[in-house]
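Trainee: For reference, the structure I am asking about is given below.
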Amino acid sequence: MAVNTQTWWQQGRVVETSDLAEGVRRVVLAPDRPVHAVPGAHVDLRLDLSGHVRKRSYSVVRSEDGGRRLTLGVQLAPTSRGGSRHMHGLRVGDVVEMTGPVQSFPLGVGADRYVLVAGGIGVTALVAMADTLRRRGADYTLVLAGRRRAVMAYLDELVEVHGDRVRVFVDDEDVRLDVETLVGGIAGSAAPTRTEMYMCGPIRLMDAIRRAWVAHELPEPNLRFETFGSSGAWAAEDFVVHLPQLDRSVRVGKDSSMLDALEDAGVDVMWDCRKGECGICQVKVLDVSGRIDHRDVFLSQQQKETYSSLCLCVARAARGEPGKASEPAAVTLHLP
Amino acid sequence: MTILDSPPVTAASKIFNFPRNAWYVAAWDHEVTAKQPLARTIADRPLALWRNSDGRAVALADACWHRLAPLSKGKVLGDEIQCPYHGLRYNSAGRCTSMPAQETINPSAIVPSYPVVERHRYVWVWVGDPDLADPSCVPDMHQMDSPEWAGDGETIYAPCNYQLVLDNLMDLTHEEFVHSSSIGQDELSEAEFEVSHTDRGVTVTRWMRDIDAPPFWLKNMRDRFPGFTGKVDRWQIIHFEAPSTIRIDVGVAKAGTGAPEGDRSQGVNGFVMNTITPETARTSHYFWAFMRNYRLESQTITTQLRQGVHGVFGEDEDMLAAQQRAIDANPDHEFYSLNIDAGGMWVRRILDRMLQAEGLPAAAAAK
Ligand SMILES: Cc1cc2nc3c(=O)[nH]c(=O)nc-3n(C[C@H](O)[C@H](O)[C@H](O)COP(=O)(O)OP(=O)(O)OC[C@H]3O[C@@H](n4cnc5c(N)ncnc54)[C@H](O)[C@@H]3O)c2cc1C
Ligand code: FES
Ligand code: FES
Ligand SMILES: [Fe+2]
C-alpha cells in the first residue's frame, strides 16, 4: 500500500462535467503532471473564494489512463463558503490549481473481509476501493446510505457493478441504516478481528460507528475512516467566542470556522490539519452557553462529553434547540 | 500495447532501471526475526522487516508516519512495532494502533506495508502495485529447499547496478579470465553456446566435451568418485527468470558417459542459485547459494563449496565494483556488445518490456 502524503502543485484542465445526482456534479480533470491516484486518494484544489485563496479537498472517484483523467464528485454544500459552489461552476476548458494525488486513506491488503460504508457524498472516497476489491476477488460489502435516492451519486452504477455486495439504505424510504445491526453483525461474524471497515460520511454516522465499534470490542485499527471535515450535529449558526485572557470576544459567522474567525480577528492560534484529526488546535473550554458541536475525530467520546476542550478548526457552538434561546450560543476559551 | 508488440531495445542502458511490479528477495529467512527489526532498502524503498507473533514476516516502510524516524531502530512488541522516537505503534498492515499521548488514533496514521512471501529460504517483497502481487510469480528456486539438494550461500553487497551482475552471470566466458585459478579454462570461450528465450526467461546452454576438469570440478568429482582421474564432459546451463533470478545448472561427468544426452549418473551436478535485488540504481543485494545433489549428508562438503564459491564470487565482486566506477567516470561512453552478450541482451529486452509496461524508462534516473 502506498501512502503518498507529499503534495506538490500543478494545473489541471477541466475536460468534462456532468450531473451525477441532485446537487452533485462530476468534474473530470486532466492534470499537467499525471500520476495515477490509488483508491482512497484525494486531490487538494486552491480555489479563489471571493478574494481569499482557500484549499478544498476532493476524493478521486476514478483515475484513468495513468492519472491523465481524474474524476471528482462534488456535492453543493448547503451553506457553502464557496468551495463547492465554485466547483459546480467549472466549465470544460477552465484551469484549476491542484495537487497531485494525496493518499491519507489507503486501502489495506490481506484482510479476510472488507466493509465499505458510505454516507451521502462520502461515496466518492469508496468507489475506487470497491472496484479494486472486486478485481482482487476479495470478500467485501458496500453499504450506501443517503437521505433520498435522488441525491445519492453513483447509486445505480454501483448496484449494477457490485450486485449483491451492495446494500442500500434510504432514509425517506424508511430503510434506514442501523449502525448497531451493521457493527454487531461484524462482531458476530466468522472473522470479526480480520474484518476491516472503511467509512466515509457525515460525522454523526461516523461517531455512531466508532461508538459501536468500541462497544463491540473490535480492534480500533481495523476501523478506517476519512472525514470530509464539515458536517456536525447541528446546522452551523452564528456564535460568540469569549477570550478572557485577551479580554476579547469574537463573533463567528455561520459561514466561517472558529479558527478562521479568530485568525481574521488577529488572534494567533496553532493548527495543522484543519480537519479535526491532529488535535494541535485543541484548546481548553472554560464555559459554554448552549452546546458544543465538536465535529472532530481527535477527542474521545468521553472527552467530548465533558466539554473540557475542543478543536478550533472544526468545533462550533450551537443553541441546541433553536427557538428556545434567542441569544447566540457562546464558548469561553482558555487561550494563554 | 502488449508486452510482445513493444519495440525492441537497441541501445544498452548502462544504469538499468528496475521493475517495481516484481518479487525481490529482501533477506534470508533467518535474517528476519521477532526480536529486532532489520533495515534494508529494496528497489529504492527503505524497509523495516520483522516477524509478528505467529511468525509471519512483515515489511513496512522504514519511516514513521509522525516525524519519519526509522521504525527499524524500534522494537518488535508481539504483533506490533514501536517507533523508537515517540512510541507510536503499528500493526503488520502498517496501521497505527497506539498514540501514547492521546486517547484516539489519528485516522490517517498509516505507514505503507508491502506484500511478503516466504519461499525457498528467502523473504520476498513486492514494492510495486500490491494488487498485482501474485505469490505464484515468485521465481522458481526450488533447489534451495528441496530434500534432493543440499548447500548454502551468502549475500554479497555489490556496489553496482543489478544489471551488471545479471550480465556477469549470463555470460560465463569471463571465468577464463576472472576465475582462472578455480573454474576457468580455455575451452570456455572456445565452446559454442545456444541461447533460447520465452517472454519471462532466457536459457544459455554450453557443453564442453572431453576436457580436463578444472581444480574446482576435479575436487567435486573426487568427493563423489574417490580417486577419479581422466577427461570430463562439462556443462553450464544458465536459466534466467525475470526480473533478476539466475540459476546455473553446472557440472561435469566422466567423458563419453552420456551426460549431454541426459544421463548424468557418472557425474556431479550443482546449481548456482543467484537472485539479485536492486537496492538503488548503483547498489545491489546479491543473494547466492551453491546447491548439489550428491553427498547430501556431508556438512563438510557444504562448507567447502560455500567457501570455494565465496572466493570465486569475491573475484566477480571486485570486477563489478571496478566496472561501475569506470562507468560512472565515463558518462559519455556507450556500451558495445559482443557475440557472447546474447544472453544478457535478451535479459535486457525482457526487463525493458517490463519497465515499459509499468511506464518506467529503461535508464534509471541519474544520481
Ligand atoms: C480528504 C477530503 C476529501 C473530500 N472529498 C470530497 C468529495 O469527494 N466530494 C465533496 O463534495 N466534498 C469532499 N470533501 C469536502 C470538501 O473539501 C469541502 O469541504 C466541501 O466541498 C465544502 O466546501 P465549501 O467551501 O463549499 O463549503 P464550506 O463553506 O466549507 O461549508 C460546508 C458545510 O460545512 C459547514 N461549515 C462551514 N464552515 C464551517 C466550519 N468552519 N466548520 C465547520 N463547519 C462549517 C457549512 O454550514 C456547510 O454545511 C472532502 C474533504 C476532505 C478533507
Ligand atoms: S488543526 Fe488538526 S485538529 Fe484542528
Ligand atoms: S517519529 Fe515515530 S513516533 Fe514520532
Ligand atoms: Fe564470475
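The values are calculated or read from the model by the stated rules, or taken from the named source; none is laboratory data. These numbers come from a predicted model, not from an experiment. FYI the Cβ positions are ideal-geometry reconstructions off the backbone, even for glycines, and counts take in every protein chain you see. Just so you know, the surface numbers come from the protein's heavy atoms only, side chains and all, with ligands and any DNA or RNA stripped out. Shrake-Rupley method; radii C 1.70, N 1.55, O 1.52, S 1.80 Å.
Trainee: So which of B:24, B:90 ends up being aromatic (Phe, Trp, Tyr), more than 12 Å from every other protein chain (Cβ to nearest Cβ) and either within 16 Å of ligand 1 (Cβ to nearest atom) or crowded, with 24+ Cβ neighbours inside 10 Å (or both)?
Mentor: Values: B:90 fails: more than 12 Å from every other protein chain (Cβ to nearest Cβ).
One residue alone meets the criteria, B:24.
Trainee: Of everything in region B:136-148 that's touching a residue at least 24 places away in the same chain (Cβ under 8 Å) and either surrounded by 16 or more Cβ atoms within 10 Å (Cβ to Cβ) or under 18 Å from the mean Cα position of the chain (by Cα) (or both), which residue is farthest from the other protein chains (Cβ to nearest Cβ)?
Mentor: B:143
Trainee: Name the single residue, out of those in region B:273-326 being in contact with a strand residue (DSSP E or B) (Cβ under 9 Å, 6 or more places away or on another chain) and open to solvent by 50 Å² or more (accessible area, probe 1.4 Å), that is farthest from ligand 3 (Cβ to nearest atom). Quick ask: steps written out before the conclusion?
Mentor: Within region B:273-326, the subset in contact with a strand residue (DSSP E or B) (Cβ under 9 Å, 6 or more places away or on another chain) is B:273-281, B:283-299, B:301-303, B:305-306, B:308-310, B:313-314, B:316-317, B:320-321, B:324.
Next, from what is left, pick out any that are open to solvent by 50 Å² or more (accessible area, probe 1.4 Å): B:293, B:295-297, B:299, B:306, B:310, B:317.
Details: B:293: 49, B:295: 51, B:296: 48, B:297: 50, B:299: 44, B:306: 40, B:310: 39, B:317: 36 Å.
Ranking the candidates gives B:295 first.
Trainee: Next question, about the same structure. Collect the residues in region A:40-57 that are open to solvent by less than 90 Å² (accessible area, probe 1.4 Å), at pLDDT below 90 and in a loop (DSSP other than H, G, I, E, B), keeping them in residue-number order.
Mentor: Hit for region A:40-57 is A:51, nothing else.
Trainee: Are there any pairs, at least 6 apart or on different chains, whose C-beta atoms fall under 8 Å, with the first in region A:269-292 and free of Cβ contacts under 8 Å to residues at least 40 places away in the same chain and the second away from ligand 4 (no atom under 16 Å from the Cβ) and charged (D, E, K, R), and if so, which?
Mentor: So the pair list comes out as A:278/A:272; A:279/A:296; A:280/A:272; A:281/A:272; A:281/A:274; A:292/A:304; A:292/A:316.
Trainee: Pick out, from region B:75-114, the strands (runs of 3 or more DSSP E) lying fully within it that include 1 or more residues that are touching a residue at least 40 places away in the same chain (Cβ under 8 Å) and among the β-branched types (Val, Ile, Thr).
Mentor: Numbers: elements: B:75-77, B:80-82, B:96-98.
Fully inside region B:75-114 and qualifying: B:75-77, B:80-82.
Trainee: Further question on the same structure: Given (1) outside any strand (DSSP E or B); (2) open to solvent by 10 Å² or more (accessible area, probe 1.4 Å); (3) on the phi < 0 side of the Ramachandran plot, where does residue B:64 come up short, assuming only one miss?
Mentor: The single condition residue B:64 does not satisfy is (2).
Trainee: Considering only residues that are in contact (Cβ under 8 Å) with a residue 60 or more places away in the chain and within 14 Å of chain B (Cβ to nearest Cβ), look in region A:131-154 and name the one that is surrounded by the most Cβ atoms within 10 Å (Cβ to Cβ).
Mentor: Filtering first and then ranking leaves A:132.
Trainee: Then there's this: Give the residue that is farthest from the other protein chains (Cβ to nearest Cβ), with candidates limited to residues of region B:115-135 that are out of contact with any helix residue (DSSP H, G or I) (no Cβ under 7 Å at 6 or more places or on another chain) and assigned to a strand (DSSP E or B).
Mentor: Step one: list which residues in region B:115-135 are out of contact with any helix residue (DSSP H, G or I) (no Cβ under 7 Å at 6 or more places or on another chain), which gives B:116, B:119, B:124-130, B:132-135.
Checking which are assigned to a strand (DSSP E or B) leaves us with B:116, B:119, B:124-126.
Working: B:116: 10, B:119: 17, B:124: 15, B:125: 13, B:126: 10 Å.
Filtering region B:115-135 for residues that are out of contact with any helix residue (DSSP H, G or I) (no Cβ under 7 Å at 6 or more places or on another chain) and assigned to a strand (DSSP E or B), the one farthest from the other protein chains (Cβ to nearest Cβ) comes out as B:119.
Trainee: Still on this structure, please answer the following. How many residues does region B:252-266 contain that are among the acidic types (Asp, Glu) and not in a loop (DSSP other than H, G, I, E, B)? Step through it out loud before you land on a result.
Mentor: Filtering region B:252-266 down to residues among the acidic types (Asp, Glu) leaves B:261, B:263.
This time we only want the ones that are not in a loop (DSSP other than H, G, I, E, B), so: none.
Of the residues in region B:252-266, 0 are among the acidic types (Asp, Glu) and not in a loop (DSSP other than H, G, I, E, B).
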